[in-house]
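Structure first, commentary second.
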Amino acid sequence: MNIKNVVVAGGGVLGSQIAFQSAFCGFNVTIWLRSEGSIGRTKPKLERLRDIYLNTLEQMKTDKSAYCRGFSDKEDLTIDEIDELKECTIKAYDGIKLTTSYEDAAADADLVIEAIAEDPEQKISFYQELAKHLPEKTILVTNSSTMLPSSFAKYTGRPEKYLALHFANSIWSNNTAEIMGHSETQQEYYDEVVKFAEDINMVPLKLKKEQPGYILNSMLVPFLSAAEALLANDVADHETIDKTWILATGAPIGPFRILDIVGLTTAYNIVIMNPEAGDKNTTPGKIAALLKEKIDEGKTGINAGEGFYKYT
């Protein structure tokens with residue numbers, strides 16, 4: 001199979017990045033969205049990504065430290081090669097299609113990447129409807145941050161062609177792609193997804209078995225949860241917590257900057273999976289309330305211009 005037509009379901013923080021990176025690397029890309037309102041919210045994300053790619057590529061002409069692995073596996077690019085990548089950026093932005101139609105999105109899809117909210121009910125509903133429209137050839141993957149593909153395989157109508165493909169944030173620079181099958185995933189489709197990851201300039205990270213949170217989030221989620229607990233229990237403010245981590249470890253950013261990049265909605269959806277989150281007197285309950293307050297104020301992270309920090 002030769003993957004050419006890619007559908008990304010969801011235009012959130014990672015969905016928009018996956019779509020843009022795939023288009024940048026020459027794939028035909030469609031983003032499926034639930035509503036016209038979702039289309040309106042996705043367009044500014046794509047504009048922001050276009051500008052990040054163009055500005056970073058221009059900076060690379062004079063500053064080698066600006067190089068991003070997702071742009072090319074060649075670090076020492078010529079001016080002409082950089083200009084070619086800038087043309088790819090503009091072509092990617094102009095070429096991405098946005099639709100609310102299952103029929104239009106699925107019609108000739110070779111690969112569908114599900115990147116909708118971390119809500120099992122939403123995912124199941126999406127898979128069940130999508131299954132009515134997908135061609136036999138289509139491979140289906142989930143970008144879920146924490147959920148196992150085996151939990152949803154039976155709803156897809158193609159468990160043998162279903163697996164997980166999880167990306168890190170800032171896909172153009174943090175170019176990892178964790179690939180995780182389940183007991184019914186057939187090897188040929190797993191291998192196709194590995195190849196696709198390579199074709200969009202990612203480093204495929206192959207998991208041998210299912211693991212909630214994969215590799216990255218098995219380490220990252222407990223770290224962010226610990227930071228959220230410190231804030232929710234009034235141990236310190238978020239700036240002090242970030243400062244502590246940065247000064248003590250040499251890390252470039254702290255956990256609350258990371259949360260802004262990940263998106264507070266994703267963080268909220270993860271914490272409410274904890275049964276204790278329903279009790280406002282527990283630490284998970286306090287974290288959920290803290291995140292919900294910011295989300296209700298529209299402070300959902302870097303893409304909204306404000307989360308724990310302001311971005312202008």
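The values are calculated or read from the model by the stated rules, or taken from the named source; none is laboratory data. Not measured: the values here are computed from a predicted model. Cβ placement follows ideal geometry from the backbone for every residue including glycine, while neighbour counts extend to all protein chains displayed. These accessible areas exclude ligands, DNA and RNA; they are computed on the full protein's heavy atoms, side chains included. Shrake-Rupley method; radii C 1.70, N 1.55, O 1.52, S 1.80 Å.
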- Query: Looking only at the stretch 46-63, which residues have a backbone nitrogen under 15 Å from a spot 7 Å from the Cα of I79 in the C-beta direction?
  - Reply: 58-63
- Eligible aspartates and glutamates near K243 by straight Cα distance, threshold 15 Å, same-chain separation 8 or greater: E228
- DSSP beta bridges in the stretch 5-207, what fraction antiparallel, as a percent rounded to 5? 15 percent
- Message: What is the sum of charges, Lys and Arg at +1 and Asp and Glu at -1, for the other residues whose Cβ falls under 13 Å from the Cβ of I272?
- Response: -3
- Item | Listed residues W245, W32 arranged by accessible area, highest first, probe 1.4 Å | W245, W32
- Hey, which of these cross-link pairs are over 31 Å Cα-Cα: K4/K154; K64/K97; K4/K299; K209/K286; K61/K294? K64/K97; K4/K299; K209/K286; K61/K294
- Note on the structure: Taking placed amide H atoms and a strict 5 Å upper bound, the residues 5 or more places from I139 or on another chain that come that close are L111, V112
- Task: Pull out the extension gain between K132 and I39, defined as 0.36 nm times the separation in residues minus the alpha carbon to alpha carbon distance; nm, one decimal.
- Result: 31.2 nm
- Looking only at A288, A277, A109, which one moves most when the chain is put into a Gaussian network model with springs between Cα atoms under 10 Å? A277
- Extended-chain gain in nm, criterion 0.36 nm per residue less alpha-carbon gap, E160 and K243: 25.2 nm
- Message: Under a crude label model (7 Å from the Cα following the beta-carbon direction), how far is A107 from F223 in nanometres?
- Response: 4.4 nm
- Under 5 Å between amide H atoms, partner at least 5 residues away or on a different chain: which partners does A177 have, H built in plane at 1.01 Å? V203, L205
- Note on the structure: Here the stretch 93-105 yields Karplus 3J(HN,Hα) values (6.51, -1.76, 1.60; θ = phi - 60°; whole Hz; Gly and Pro given as x) of 4, 6, x, 5, 9, 10, 8, 9, 8, 4, 4, 5, 5
- List the aspartates and glutamates whose Cα lies under 19 Å from the Cα of K74, skipping any in the same chain that are fewer than 8 positions away. E58, D63, D83, E84, E87, E198, D199
- Task: Kindly provide the helix-only [θ] at 222 nm of the chain, computed as the sum of -39,500 (n - 2.57) over DSSP H runs of four or more divided by all residues, to the nearest 500 deg cm²/dmol?
- Result: -14500 deg cm²/dmol
- Taking H as built 1.01 Å from N, whose amide H comes closer than 5 Å to the amide H of L148, not counting residues under 5 places away? none
- Query: Tally Lys/Arg at +1 and Asp/Glu at -1 over every other residue whose Cβ is under 12 Å from the Cβ of K243; what's the total?
  - Reply: -2
- Query: With every protein chain present, what is the per residue accessible area of the chain (1.4 Å probe, Å²)?
  - Reply: 47 Å²
- Item | Karplus-derived HN-Hα couplings along the stretch 61-69 (A = 6.51, B = -1.76, C = 1.60, θ = phi - 60°), whole Hz, x at Gly and Pro | 5, 10, 9, 5, 5, 7, 3, 10, 5
- Item | Structure-derived Cα extents along the principal axes in Å - corresponding label in (i) 76, 49, 35; (ii) 59, 42, 40; (iii) 54, 51, 39 | (iii)
- What order do you get for 168-181, 4-17 when each peptide is scored by the mean count of other beta carbon atoms within 10 Å, highest first? 4-17, 168-181
- So what are the ³J(HN,Hα) numbers for the stretch 174-185, from phi and the Karplus equation (6.51, -1.76, 1.60; θ = phi - 60°), rounded to whole Hz, Gly and Pro as x? 9, 8, 9, 9, 7, 10, 9, x, 10, 4, 9, 5
- Task: Place the peptides 130-139, 229-238 in order of packing, highest mean first, counting for every residue the other Cβ atoms within 10 Å and averaging per peptide.
- Result: 130-139, 229-238
